[in-house]
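Data block below; observations after.
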Number of protein chains: 2
Amino acid sequence: MDKLKNNWFSEACEMWPGATFSFEVKKILHSEKSDYQDILVCESTSLGKVLVLDGIIQCTEKDEFSYQEMISFLPLCCHKNPEKVLIVGGGDGGVAREVAKHPKVKEIVQVEIDAKVIEVSKKYLPFMAVGFDSPKLKLHVGDGFEFMKNHSQEFDVIITDSSDPVGPAVNLFQENYFALMKSALRPNGIVCSQAGTVWNDLELVSNTLKFCKNQFPKATYGYATVPTYPSGQIGFVIGSLDSEIKFDEPQLVLTSEDEKAMNLKYYNSEIHKAAFVLPTFVKNHLA
Amino acid sequence: MDKLKNNWFSEACEMWPGATFSFEVKKILHSEKSDYQDILVCESTSLGKVLVLDGIIQCTEKDEFSYQEMISFLPLCCHKNPEKVLIVGGGDGGVAREVAKHPKVKEIVQVEIDAKVIEVSKKYLPFMAVGFDSPKLKLHVGDGFEFMKNHSQEFDVIITDSSDPVGPAVNLFQENYFALMKSALRPNGIVCSQAGTVWNDLELVSNTLKFCKNQFPKATYGYATVPTYPSGQIGFVIGSLDSEIKFDEPQLVLTSEDEKAMNLKYYNSEIHKAAFVLPTFVKNHLA
């Protein structure tokens, strides 16, 4: 908790030197060191409850819906029939909450490495941990990497909701991880991984996309705005085994009534298309 | 300069309480109090040179192109023939730099209230102040509000590149400002104003859009990502006297060669369309 000064938490990281985002803390709800990482849950004055892992903001009550909806619905809606979904990571429950909303999803398997994150989220972050209550979900505590070695050709969609590539998640940004996911997919399967931001680390985005492209016939990069993440956005690398796929043409098109019924606050079918439209400097770099 | 501690500058404002963005300062290049505001120019360790007015970051060398290109090219490319353009504010020169690139623009008039901002930008921020060198430009020091009272039906596009609605720019967010701009426009004219962000102040966005809609037959809201602005983005309210206009269909469609020739690093014709696609919670609130 050395970064908490005068009730302000500052997020500093080697990944974005010389710039930092800070928020005012009303109360520290929980602080512990698990087997994998430092876990901190705060009540903030302006962002609601905040989950911090290893000093990096994972989600705030104010804006978590944007990330959770987009990392879930972008790949799900790219797939014609996403019946069985694997979530790697996502220990707060927010991605499970979103995936369970999709009408074609019948079965969700989630593998989170840190039981403490699940426990803390259930206690302090019920707006996300509600995802664990879905009858569609089977939750395993363990290493997603190891899990997939024993599950080949089983999933339609694999979503990797990881922390940044420093600490326990570093293996999830390597090419062999994309190869492993490929082996765990059914035909025409799709993967979607948190993949950093173009403003802070265009090389990370570029490399992650390259690893995905090396393994999948089609791959792309999209993004969502999340104000409390560094640079105010977060990106996703999406790969598909379907070589005919058009990522910007959602297979499930939602009406305004659907958006309301599914309580979607960020995702809609138009923003699905727009998520893949990139600024010129990014488009040229990733070409 | 009371906000500079241990060589870090923190941007705090009543508009976004409880959260702040900070950057590390290598050197303060200039600091003064003009007749209108506190002016600070820093060399930062990770964002290049930074212009700060009244404690709020106006632009950083790293990402200013995003804002300047979008506030200029969104309205210019919505117009069939934007020959004569008025810029209100924009004392750093960045908007003039971008407007001058558009092939149909023949004449640019700029009215900036604070001569000191122009002077300081010319000395320390030449990558933006280069805009003042355009032979298309006539630069006036004065009040844009007063200027427009004497210039009716003169401009095809009016761009308001203002600071936030605290301090000298507060009048530029009122309905009578939109009425005045309307009177200064030629038939089918277009206005574009900096209008805050949906994550920090949805009511400000909503009110500004309402004022614009009350005066113009067509109006909309679009946005660009700018990591060093609060919430990582900035929005624009655009109004048009052409009731047949489709804001998301640019009249000038740029090729990759055009983007390169015009040194556009953010704007392209696809991102023009995507800029108007809004998250569900914003779409519903502004409907």
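The values are calculated or read from the model by the stated rules, or taken from the named source; none is laboratory data. As the structure is a computational prediction, the values presented were derived from the model and not from experiment. Using ideal geometry, Cβ is built from the backbone for each residue, glycine included, and neighbour counts are taken over all protein chains shown.
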Breaking point among (1) surrounded by fewer than 16 Cβ atoms within 10 Å (Cβ to Cβ); (2) at positive phi; (3) more than 13 Å from chain A (Cβ to nearest Cβ), for B:G18
(3)
Subset of region A:154-204 [closer than 19 Å to A:V95 by Cβ and hydroxyl-bearing (S, T, Y)]
A:T160, A:S162, A:S163, A:Y177, A:S193, A:T197
Among the residues that make up region A:29-51, is at least one of them under 21 Å from the mean Cα position of the chain (by Cα), within 11 Å of chain B (Cβ to nearest Cβ) and assigned to a loop (DSSP other than H, G, I, E, B)?
yes
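Conditions tested, residue by residue: (1) within 19 Å of the chain's Cα centre (by Cα); (2) more than 14 Å from every other protein chain (Cβ to nearest Cβ); (3) within 20 Å of B:C13 (Cβ to Cβ).
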| site | (1), (2), (3) |
| --- | --- |
| B:F178 | yes, yes, no |
| B:M181 | yes, yes, no |
| B:L185 | yes, yes, no |
| B:G189 | yes, yes, no |
| B:C192 | yes, yes, no |
| B:D201 | yes, no, yes |
| B:L209 | yes, yes, no |
| B:K218 | no, yes, no |
| B:G222 | yes, no, no |
Could you tell me which residue of region A:165-207 is farthest from A:I56 (Cα to Cα), considering only residues that are of a type in the set (A, V, I, L, M, F, W, C) and in contact with a Cys (Cβ under 8 Å, 6 or more places away or on another chain)?
A:I190
If you go through region B:49-73, how many residues are among the charged types (D, E, K, R) and modelled with pLDDT under 95?
1
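Of the residues B:D161, B:D133, only one is surrounded by fewer than 24 Cβ atoms within 10 Å (Cβ to Cβ) and among the charged types (D, E, K, R); which?
Working: B:D161 fails: surrounded by fewer than 24 Cβ atoms within 10 Å (Cβ to Cβ).
Of the residues listed, the single one that is surrounded by fewer than 24 Cβ atoms within 10 Å (Cβ to Cβ) and among the charged types (D, E, K, R) is B:D133.
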Evaluation of B:N214 against (1) more than 14 Å from every other protein chain (Cβ to nearest Cβ); (2) farther than 19 Å from B:A179 by Cα (one fails), failing number
(2)
What's the total number of residues in region A:136-176 that are of a type in the set (G, A, S) and more than 18 Å from the chain's Cα centre (by Cα)?
1
Has region A:57-78 got any residue that is in contact (Cβ under 8 Å) with a residue 60 or more places away in the chain, within 14 Å of chain B (Cβ to nearest Cβ) and surrounded by fewer than 19 Cβ atoms within 10 Å (Cβ to Cβ)?
yes
When every residue in region A:262-287 that is of a type in the set (G, A, S) and over 17 Å from A:C212 (Cβ atoms) is compared, the one nearest to the other protein chains (Cβ to nearest Cβ) is A:A274
When region A:178-204 is examined, which residues are found to be in a helix (DSSP H, G or I) and either of a type in the set (D, E, K, R) or modelled with pLDDT under 95 (or both)?
A:K182, A:L202, A:E203, A:L204
Given the criteria more than 14 Å from every other protein chain (Cβ to nearest Cβ) and either modelled with pLDDT of 95 or more or in contact with a strand residue (DSSP E or B) (Cβ under 6 Å, 6 or more places away or on another chain) (or both), does A:G91 qualify?
yes
When region B:189-223 is examined, which residues are found to be polar (S, T, N, Q), within 21 Å of B:G144 (Cα to Cα) and touching a residue at least 60 places away in the same chain (Cβ under 8 Å)?
B:Q194
Looking at region B:228-261, which of the residues that are of a type in the set (D, E) and within 14 Å of another protein chain (Cβ to nearest Cβ) is surrounded by the most Cβ atoms within 10 Å (Cβ to Cβ)?
B:E259
Given the structure, is B:S10 hydroxyl-bearing (S, T, Y), more than 19 Å from B:G91 (Cβ to Cβ), within 14 Å of chain A (Cβ to nearest Cβ) and crowded, with 21+ Cβ neighbours inside 10 Å?
no
